[in-house]
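Here is the structure we will look at, set down as structure tokens.
The values are calculated or read from the model by the stated rules, or taken from the named source; none is laboratory data. Values in this document were obtained by computation on a predicted structure and should not be read as measured data. Neighbour counts run over all protein chains shown; Cβ positions are idealised from the backbone, glycine included.
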Amino acid sequence: MPSPPSLSVIIPHLKGVGILRDCLASLAASHYRDFEIILVDNASADGSREMVEAEFPEVRILTLKENLGYAGGCNAGIRISHSRYVLLLNDDTIQDPATLGALVEALEQDPQAAFAQPKLLNIRDRRRFDYSGAGGGLIDILGYPFAFGRTFMAIEEDQGQYDSPSEIFWACGTAALYRRSALQEVGLLDEDFFAHMEEIDLAWRLHLAGYHGLRVPRGVVYHYSGNTLPNSERWKMYLNHRNSLICLVKNYSWPRLVWILPLRVVFEWGIIALSFLRRDFRRGPAALAVQVQLPLAFCRALPKRRRVQKNRRVSDREVMKKMYRGSVVVQHFLLGKTETAQILHRHAL
């Protein structure tokens, strides 16, 4: 029986024949060759399966009976693969030919690195970072995510300012490479998240297990940000706010959670009030719905929290050294710092 490839590329797919074709064509041009592609068909109805079977017969297709979301689709693909590394990849991306090799090389050279992310650029304007994960994920102690090159809706032009490799807190699910052995220790994506923030929760669990993550700017992926679910959609805003709070509940120790969660809730109510004052009837109602349902979400997260805390090997003090110790909300909205380097108070990144 032949040995499995070193890398499995897992692509969850719901709709969009054209974008999927472009994604697979770019993978076929990759300089790195020791990989397989697993397309997870999340119950699509657009002829995608037929197109892949006809034009990319080397691709393995896993057909699901229902849409399990990003988390469920990725997990299904991971479970049928056996490679040393898995790359979770959005179907609305185009890869530079050097990307796969650069990502695998980064983890090969650093045994304690459990995940890595390439540079993500906007496919419509390739001079600018992509909204989703930009140059690699960061987070503040209240759980608000941002990234090298993107803070909330402020997206920077890529001028090479973040081209020095460094550690990151999370890798964007648009294109995130994981070490399988590390996933076997901490578990896969939380399927209750359905979509959004699940990669941050997974990265947090990997940090608690003693691993770290890397940004690999030698690898470049171009992304149609918001193609599947636009950033302005109320459902997406709801998932982002809800799942971010669940991340805190699952991953912080009780001594940290008892003061961080209430402070985060105060910030959330501030966002709700400001949204309604600005007549933003998408984010305001979405964030309000999360607060109404927060007690139930908290209770549902407790069993998972117990498993996470039982498996932890690293203290909050150590994990928080990898976070921004202030508030990115205050820095961005009150102090007007729109660039990542300004917020982190350093320029050599």
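Tabulated data
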{"quantity": "Hits in the range 4-35 - residues which are part of a loop (DSSP other than H, G, I, E, B), of a type outside the set (Asp, Glu) and at negative phi", "calculated": "Pro4, Pro5, Ser6, Leu14, Lys15, Ala29, Ser30, His31, Tyr32, Arg33"}
{"quantity": "Candidates Gly137, Gly133, filtered to the one that is within 15 Å of the chain's Cα centre (by Cα), assigned by TED's automatic domain parsing to the domain that holds Ser26, in contact (Cβ under 8 Å) with a residue 12 or more places away in the chain and closer than 14 Å to Ala341 by Cα", "calculated": "Gly137"}
{"quantity": "Odd one out for Ser232, checked against (1) surrounded by fewer than 23 Cβ atoms within 10 Å (Cβ to Cβ); (2) modelled with pLDDT of 95 or more", "calculated": "(2)"}
{"quantity": "Residues (out of contact with any helix residue (DSSP H, G or I) (no Cβ under 7 Å at 6 or more places or on another chain), assigned to a helix (DSSP H, G or I) and either outside the structural domain of Leu188 (by TED's automatic domain parsing) or at pLDDT below 95 (or both)) located in the range 38-68", "calculated": "Arg49, Glu50"}
{"quantity": "Residues of the range 1-37 that turn out to be among the hydroxyl-bearing types (Ser, Thr, Tyr), more than 20 Å from Tyr224 (Cα to Cα) and either touching a helix residue (DSSP H, G or I) at 6+ places or on another chain (Cβ under 6 Å) or at pLDDT below 95 (or both), as a count", "calculated": "2"}
{"quantity": "Odd one out for Leu302, checked against (1) of a type in the set (A, V, I, L, M); (2) touching a residue at least 24 places away in the same chain (Cβ under 8 Å); (3) crowded, with 16+ Cβ neighbours inside 10 Å", "calculated": "(3)"}
{"quantity": "When residues of the range 62-85 are limited to those that are buried (at least 24 other Cβ atoms within 10 Å of the Cβ) and of a type in the set (A, V, I, L, M, F, W, C), the one farthest from Leu39 (Cα to Cα)", "calculated": "Ala71"}
{"quantity": "Pairs, first on the phi < 0 side of the Ramachandran plot in the range 320-336, second among the basic types (Lys, Arg) and surrounded by fewer than 19 Cβ atoms within 10 Å (Cβ to Cβ), C-beta under 6 Å, six or more apart", "calculated": "Gln331/Lys337"}
{"quantity": "Within the range 183-226, considering residues that are surrounded by 20 or more Cβ atoms within 10 Å (Cβ to Cβ) and among the charged types (D, E, K, R), the one farthest from Arg306 (Cα to Cα)", "calculated": "Arg215"}
{"quantity": "Hey, Ala286 touching a residue at least 40 places away in the same chain (Cβ under 8 Å), under 30 Å from Glu185 (Cβ atoms), within 21 Å of the chain's Cα centre (by Cα) and outside the structural domain of Leu202 (by TED's automatic domain parsing) or not", "calculated": "no"}
{"quantity": "Residue match in the range 155-177 (condition: assigned to a strand (DSSP E or B) and among the acidic types (Asp, Glu))", "calculated": "yes"}
{"quantity": "Filter result for Ala297 (in contact with a helix residue (DSSP H, G or I) (Cβ under 9 Å, 6 or more places away or on another chain) and among the aliphatic types (A, V, I, L, M))", "calculated": "yes"}
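Conditions (1) under 16 Å from Arg317 (Cα atoms); (2) charged (D, E, K, R); (3) not in a loop (DSSP other than H, G, I, E, B), marked per residue:
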{"site": "His207", "(1), (2), (3)": "yes, no, yes"}
{"site": "Val216", "(1), (2), (3)": "no, no, yes"}
{"site": "Val220", "(1), (2), (3)": "no, no, yes"}
{"site": "Met237", "(1), (2), (3)": "no, no, yes"}
{"site": "Arg242", "(1), (2), (3)": "no, yes, yes"}
{"site": "Leu257", "(1), (2), (3)": "yes, no, yes"}
{"site": "Ile271", "(1), (2), (3)": "no, no, yes"}
